[in-house]
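Data first, discussion second: the structure below is written as structure tokens.
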Amino acid sequence: MFPFNKANLIEKEGILFNKKTGEISYPLDGNNACFNIEDESWWFKHRNNCIINLAKKYVKDNLILDIGGGNGYVSKGLQDNGIQSCLIEPGVQGCLNAKKRGLTDIVCSDFENLDLDDNSVSAVGIFDVIEHIEDDLTFLKKINKILIENGNLILTVPAYKILWSNEDSEAGHYRRYTIKELKNKLNESGFKIVYSTYIFSFLILPIFLFRTIPSILKIKKNTLKQAKKEHSVNEKSITNKLLNILLNNEITKINKNKTIPFGGSCLIAAIKE
């Protein structure tokens with residue numbers, strides 16, 4: 001089903017492990033930190049809803065490689081919506097967490113050492129991944145090479161350099177993007193943009209006030225405690241009702257192929273030209 005060279009892979013407890021490994025710019029405990037908040041997080045839930053809406057439109061054959069997919073939160077969401085996803089994740093703990101979620105197609109490997117054939121994959125997802133890669137342009141070109149003609153790419157990244165904070169540094173980010181910058185890199189890598197938008201339109205000011213400014217002022221915070229607080233909302237609160245209105249409005253726009261002019265993240269669908 002998925003075009004892997006099994007000669008370099010060893011199966012153990014239902015996970016395929018690559019014999020070759022590479023370095024990644026990501027905290028050692030990053031996957032576990034996310035695993036502790038993903039299932040209860042309105043942020044992760046909304047990002048999934050946005051991704052799934054695009055995947056239903058653009059993923060061919062209902063198959064997609066989720067490269068750098070962490071604990072399999074996105075892959076599980078895609079799977080639950082009828083799209084078979086194979087998780088490619090270099091972190092062992094992320095793969096183990098994904099197995100706990102019930103995923104069956106898991107490969108513990110970085111993309112560079114996976115040795116996929118050119119023109120062999122119909123769709124790829126890279127969700128908050130390329131900001132962790134120093135040479136993102138070369139990475140995107142390699143993604144393009146493994147895709148079949150008119151193969152699809154869906155990706156998300158954090159938006160706006162001005163929103164840079166300690167959280168970006170601690171997460172191993174090299175940069176944040178604008179839609180324009182990302183489009184230019186994708187075009188240079190051999191992709192044609194079919195849809196692009198910002199998401200989390202209401203988060204720009206909160207990120208700047210509660211992350212960027214404290215970082216500039218060198219105010220230290222308990223990052224994990226803060227993250228749990230930011231990602232959870234009382235379901236019966238007015239805040240949650242307002243939040244749902246804002247999030248549902250973004251989903252409606254994405255369903256209608258309308259764009260959101262600004263936001264905390266970028267969302268793009270592209271095809272290989």
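For region 61-81, filtered to residues that are at pLDDT 95 or above and on the phi > 0 side of the Ramachandran plot, the residue that is surrounded by the fewest Cβ atoms within 10 Å (Cβ to Cβ) is Gly68. The criterion of being in contact with a Gly (Cβ under 9 Å, 6 or more places away or on another chain) and at pLDDT 95 or above holds for Leu103. When residues in region 24-66 are screened for being of a type outside the set (A, V, I, L, M, F, W, C) and not in a helix (DSSP H, G or I), 7 of them pass.
Looking across region 95-106, the residues that are out of contact with any strand residue (DSSP E or B) (no Cβ under 8 Å at 6 or more places or on another chain) and either crowded, with 23+ Cβ neighbours inside 10 Å or not basic (Lys, Arg) (or both) come down to Asn97, Gly102, Thr104.
Which of the residues belonging to region 1-23 are of a type in the set (D, E, K, R), in a loop (DSSP other than H, G, I, E, B) and surrounded by fewer than 12 Cβ atoms within 10 Å (Cβ to Cβ)? Within region 1-23, Glu13, Lys19, Glu23 meet the criteria.
Take the conditions surrounded by fewer than 21 Cβ atoms within 10 Å (Cβ to Cβ), farther than 30 Å from Ile204 by Cβ and either modelled with pLDDT under 95 or hydroxyl-bearing (Ser, Thr, Tyr) (or both) and apply them to Ser109. Does it pass? Please lay out each step first, then the result.
Working: surrounded by fewer than 21 Cβ atoms within 10 Å (Cβ to Cβ): no; farther than 30 Å from Ile204 by Cβ: yes; either modelled with pLDDT under 95 or hydroxyl-bearing (Ser, Thr, Tyr) (or both): yes.
For Ser109, the condition - surrounded by fewer than 21 Cβ atoms within 10 Å (Cβ to Cβ), farther than 30 Å from Ile204 by Cβ and either modelled with pLDDT under 95 or hydroxyl-bearing (Ser, Thr, Tyr) (or both) - is not met.
Of the helices (runs of 4 or more DSSP H) that lie entirely inside region 68-149, those containing 1 or more residues that are in contact with a Pro (Cβ under 9 Å, 6 or more places away or on another chain), free of Cβ contacts under 8 Å to residues at least 40 places away in the same chain and not small (Gly, Ala, Ser) span 136-146.
Tell me, which residue of region 142-157 that is surrounded by fewer than 19 Cβ atoms within 10 Å (Cβ to Cβ) and not β-branched (Val, Ile, Thr) is nearest to Phe44 (Cα to Cα)? Before the answer, list the steps.
Applying the first criterion (surrounded by fewer than 19 Cβ atoms within 10 Å (Cβ to Cβ)) to region 142-157 yields 142, 145, 148-150.
Okay, now just the ones that are also not β-branched (Val, Ile, Thr), so 142, 145, 149-150.
On the way: Lys142: 27, Lys145: 29, Glu149: 31, Asn150: 29 Å.
Ranking the candidates gives Lys142 first.
Going through (1) more than 16 Å from the chain's Cα centre (by Cα); (2) closer than 25 Å to Leu65 by Cβ one by one, Trp164 falls short only on (2).
Going by what's in this entry, would Leu137 be described as among the aliphatic types (A, V, I, L, M) and out of contact with any strand residue (DSSP E or B) (no Cβ under 7 Å at 6 or more places or on another chain)?
The answer is yes for Leu137.
Against the conditions (1) buried (at least 21 other Cβ atoms within 10 Å of the Cβ); (2) under 19 Å from Val129 (Cβ atoms); (3) in contact (Cβ under 8 Å) with a residue 60 or more places away in the chain; (4) not charged (D, E, K, R), Tyr26 satisfies every one except (1).
Quick one: count up the residues across region 158-187 that are of a type in the set (D, E, K, R), surrounded by 15 or more Cβ atoms within 10 Å (Cβ to Cβ) and either farther than 16 Å from Lys272 by Cβ or in contact (Cβ under 8 Å) with a residue 60 or more places away in the chain (or both). Full working, then the answer.
The initial filter retains those residues of region 158-187 that are of a type in the set (D, E, K, R), namely 161, 167-168, 170, 175-176, 180-181, 183, 185.
Among the residues that remain, those that are also surrounded by 15 or more Cβ atoms within 10 Å (Cβ to Cβ) are: 167-168, 175-176, 181, 183, 185.
Now restrict to residues that are either farther than 16 Å from Lys272 by Cβ or in contact (Cβ under 8 Å) with a residue 60 or more places away in the chain (or both): 167-168, 175-176, 181, 183.
Qualifying residue count, region 158-187: 6.
The values are calculated or read from the model by the stated rules, or taken from the named source; none is laboratory data. Keep in mind that what you see is a predicted model, and the values were worked out from it rather than measured. Quick reminder, even Gly has a Cβ in these numbers, built from the backbone with ideal geometry, and neighbours come from all protein chains shown.
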